[in-house]
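Report on the structure given below.
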Amino acid sequence: MEEKELTEVSEASTGAAYAAHWQEEEYIHPKPEFIGQANMTDPDVFRRFSLENFPDCFKEFAEMLDWDQYWHTTLDTSDAPCWKWFVGGKLNASYNCVDRHLAKYKNKTAIHFVPELEEDPIVHITYQDLYKRVNEVAAVLRDFCGLKAGDRVTLHLPMTPELPITMLACARLGVIHSQVFAGFSGQACGDRIWDSGSRVLITIDGYYRGGKLLDHKANADVAVETAGAQGQTVDKVLVWQRHPGQNASAAPMVEGRDYFMNEVLKDYKGAIVEPVSMPAEGILFLMYTSGSTGKPKGAQHSIGGYLAYVTAMSKWIQDIHPEDVYWCMADIGWITGHSFIVYGPLALAASTVIYEGVPTYPDAGRPWRIAEELDVNIFHTAPTTIRMLRKAGPDEPAKYNYKFKHMTTVGEPIEPEVWRWYYNVVGRGQAAIVDTWWQTETGGFLCSTVPALCSMKPGSAGPGVPGIHPVIFDDEGNEVPPGEGRAGNICIRNPWPGLMQTIWKDRDRFVSTYFGKYCKNPDSKDWRDWPYMAGDAAVMSKDGYVRILGRVDDVINVAGHRLGTKEIESAALTVDAVAEAAVIPVKDELKGTVPDLYVSLKPGFEASKELEEKISGAVSAVLGKIARPKRVHIVPDMPKTRSGKIMRRILSAISNKGDVGDVTTLANPDIVESIRVQVQGG
Ligand code: WTA
C-alpha cells in the first residue's frame, strides 16, 4: 500500500537558509470505514473548484449558510486586492450558528465544557441553552452598554463557555469582537483595545490553569490604563465570574466602570434579541497577529465570506457531521479556535468541546480520559501538544477506550516521526489525519488533504484544498515547478472567501505585506495579477503536495503561537539598561522554536543574573509568558557589519550550534568568539 519517493530539498532561494537534505515521501491511505461515512467523497471536487470555475465555485460554500437575502455578485474585484464576496447578501452569523439548529437539534449539546479540575463536573450546554444565553448577553451589550452594529468590543477571555457565548452575542448585533488571547498581558490587551477603538472590555475574574485559579481581572486594570494612555477610553468593563457569586480576583472593582456580568444579567433574564441582518461584507471580528514590524496587525474578517469558508472547511476537511463530538484543543484566543472551535463546528450543529486547562493536567492521560468520557470522535491539536503528550505519556492513549475517526494537526510543521506517533498511537492506525496549513489572515485552511480523497504524507500538509491554488515563486517572481525540490515563497493564485478583508485601519500595510512582492500590476482589478503571499517558505513535490518549511520574515513560531521578533526586542528595550536587543529563533524539542535573546547594555550598566531576570520579566509583562525568552545573553557588544547592522545570522549560528562562517568583514570580528564561548561554553 505504501509508495515511496525521494525529493531533494535544496537551500531556499527565499533568504531563509534551509540546509539541503533528503526527505522520504510515504503515502498512507485513509481507511474504508472512514471513507464510507465521509462528507466529501466526490473526486470531481477538484475539477469543480478549478480556476476555470472561479469564482462561481464558491457559491457552494455560501449555500451551506442561511441567508436573509441572497447576494447579487459572488466576487467584486473593483477595490483590488480588498476582495468583496457575496455582495448584496445579508445574513447573521449568530443565527447561523445557533437559531437555525433549534428546530432539529435544540436538545442536542452544542458545547461540552470541561473544567480543568477533574473533580468539577463537565457542563453540557444544549443549543436551546446556548440560544438563551447568547440572547441575554446580546441584550446586555445592546441595552446596558449601548453597543450597535459596527462598534468594536475587546474580549480578554480564557477557555470557558462565556467566551463563545460573548462572541456569538456580539455577532448577533453586528458588533465586531476582538478577542485577545487570555495568556497575553494586560498591556498587550490594552494596545489592542486602543488600536481597535473599543470602549467596552469583557473579561473574567479568574480561571484555572495548571491546577491554580489565576487572577485575571488584574490584567483588565492594566489594559484599561494602557489604552487610556494612548487616548482610548474604556467606559465599561464587564467581568464574568468563574464561579458566579464568588469573586476570584483580588483586584478591586472600579465604581461606575466595572460590573459583574452575572449581576447585570439578572435584569435581562429571558430577553430575546432579534439577530441583526448584516451585509455579507460586514465585519465579524478582528484578530491581532504578529508581523515583521513591532506593531501587531488586526486581521479583519468578514461575516459572509468567512463564515461560508469555515463552514465548508469544517464539513469537508474536518468531516464534521451534526452527530459528531468534536474536540479542538486550541485556544479560542487564536484563529484556530475562532474558526474551528466556534464558528465552523457550530454552523454545522456539531457538539464542540471546550477544555479549560493544560493538556497534561493533572497527567498526560487527561486528554484521552476526556475523549473516552465524552465519546469524542474528531480530535484537533498542534504539533507542540502532540510532542508534549508523546514525551510525557507515550503509552497513555492505549489505556483508554475512545475511538477517533479523524484527527487534525495545525500551526507548525510536524516531524514525520511525531506524525507517526499521532497516527499509530493516538489514532490507532485508524483515524484519518489532516495536516492543515493556513494563517490568521486566511480565515481557514489553505493546504490540506481532503481526508477521504487524498492519501496522507507525514510531514506534508497536502495540496491546496478545493478552490485554493498554491504556487511557489522564487525571489524573482518565477514559478518553481512542482517536483524540482527547490524551496520558495508559497503564494495562492486566487482570492477566496475566507481571506481577511484588510488590516484594520491599515489598507496600505495589507497591500504591501501580502501582495507587494508579487503583484503584477498595482492598478489592475484582475485577481490574476494579485497572488497572495503567505510569508512561508515551502517546497511542492510532483504530486502537488506542499511541505511548509517555516517563516521567511521576522516572525517566530513558538509552540504554534506567532510572535514578532521585533515585538520581543522592543519589549526588552523597555528595560532602561538595555542598549540593543536581537531575538534569535532556536530549535526546541517540544515547542518547535523558542526565542533566544541577546542584549548589549548602555554604558555604566553591568551584566548580572538579576538583570537577565529583569529583562526576561519585562518581555513577559509586555507580551505575556509565551514570549519569555529561553535564555537572555548579556553580551559586551553585538556582532556588527561595518555599517552598524547587527549580524543576526552569526548570533543564530551560535545559538543553534552551527557554523558562524566568515566573520572577517565584520566591524568587530573578535566579539564572535567571545560570544560563542559565553553561550556555548569552553
Ligand atoms: C505556520 C495558525 C506548517 C506557518 C493557523 C503560518 C504551519 C503560521 C502549519 C500561521 C502547518 C500553520 N504546517 N506550518 N500545518 N499551520 N503554520 O496565524 O508558518 O497563528 O504562516 O495561524 O503558522 O500562524 P497563525
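The values are calculated or read from the model by the stated rules, or taken from the named source; none is laboratory data. Computed from a predicted structure; not experimentally measured. Note that each Cβ is placed from the backbone with ideal geometry, even for glycine, and that neighbours are counted across all protein chains shown. Note: accessible area is taken over every heavy atom of the protein model, side chains too, but ligands, DNA and RNA are not part of it. Shrake-Rupley method; radii C 1.70, N 1.55, O 1.52, S 1.80 Å.
What to note about this one:
Yes/no per residue for (1) over 26 Å from residue 571 (Cα atoms); (2) among the polar types (S, T, N, Q); (3) not assigned by the TED database to the domain that holds residue 574:
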site: 160; (1), (2), (3): yes, yes, yes
site: 169; (1), (2), (3): yes, no, yes
site: 172; (1), (2), (3): yes, no, yes
site: 175; (1), (2), (3): yes, no, yes
site: 181; (1), (2), (3): no, no, yes
site: 190; (1), (2), (3): no, no, yes
site: 195; (1), (2), (3): no, no, yes
site: 201; (1), (2), (3): no, no, yes
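- Scan of region 631-652 for residues that are out of contact with any Lys or Arg (no Cβ under 8 Å at 6 or more places or on another chain), over 21 Å from residue 576 (Cα atoms) and surrounded by 20 or more Cβ atoms within 10 Å (Cβ to Cβ), ordered by number: 639, 650, 651
- Looking across 288, 268, one residue alone is more than 24 Å from the chain's Cα centre (by Cα), within 21 Å of residue 155 (Cβ to Cβ) and of a type in the set (Phe, Trp, Tyr). It is 268.
- Of 352, 385, all but one fail to be within 16 Å of the ligand (Cβ to nearest atom) and touching a residue at least 12 places away in the same chain (Cβ under 8 Å); the exception is 385.
- Test set (1) at pLDDT 95 or above; (2) in contact with a strand residue (DSSP E or B) (Cβ under 6 Å, 6 or more places away or on another chain) - residue 450 fails condition number: (2)
- For region 626-646, a residue qualifies if it is at pLDDT 90 or above and part of a loop (DSSP other than H, G, I, E, B), and the qualifying residues are 628, 629, 630, 635, 636, 637, 638, 639.
- Residue in region 559-575 that is nearest to the ligand (Cβ to nearest atom), counting only those that are among the hydrophobic types (A, V, I, L, M, F, W, C) and surrounded by fewer than 22 Cβ atoms within 10 Å (Cβ to Cβ): 559
One line per residue, one yes/no per condition, for (1) in contact with a strand residue (DSSP E or B) (Cβ under 8 Å, 6 or more places away or on another chain); (2) surrounded by fewer than 24 Cβ atoms within 10 Å (Cβ to Cβ):
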{"site": "381", "(1), (2)": "yes, no"}
{"site": "390", "(1), (2)": "no, yes"}
{"site": "423", "(1), (2)": "yes, yes"}
{"site": "435", "(1), (2)": "yes, no"}
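- Matching residues, region 370-382, being without any contact (Cβ under 8 Å) to a residue 60 or more places away in the chain and at negative phi: 371, 372, 376, 377, 379, 381
- One residue alone among 540, 500 is buried (at least 23 other Cβ atoms within 10 Å of the Cβ), touching a residue at least 60 places away in the same chain (Cβ under 8 Å) and more than 13 Å from the ligand (Cβ to nearest atom), and that residue is 540.
- Only one of 677, 622, 578 that is β-branched (Val, Ile, Thr), at pLDDT 90 or above, open to solvent by 20 Å² or more (accessible area, probe 1.4 Å) and within 24 Å of residue 186 (Cβ to Cβ): 622
- Flag if residue 531 is in contact with a Phe, Trp or Tyr (Cβ under 7 Å, 6 or more places away or on another chain) and within 16 Å of the ligand (Cβ to nearest atom): yes
- From the list 412, 373, 396, the lone residue that is among the acidic types (Asp, Glu), in contact with a Gly (Cβ under 7 Å, 6 or more places away or on another chain) and away from the ligand (no atom under 11 Å from the Cβ) is 396.
- Residues that are open to solvent by less than 10 Å² (accessible area, probe 1.4 Å) and more than 14 Å from the ligand (Cβ to nearest atom), drawn from region 453-473: 466, 467, 471, 472
- Just one of the numbered conditions (1) out of contact with any Phe, Trp or Tyr (no Cβ under 6 Å at 6 or more places or on another chain); (2) in contact (Cβ under 8 Å) with a residue 60 or more places away in the chain is not true of residue 328: (1).
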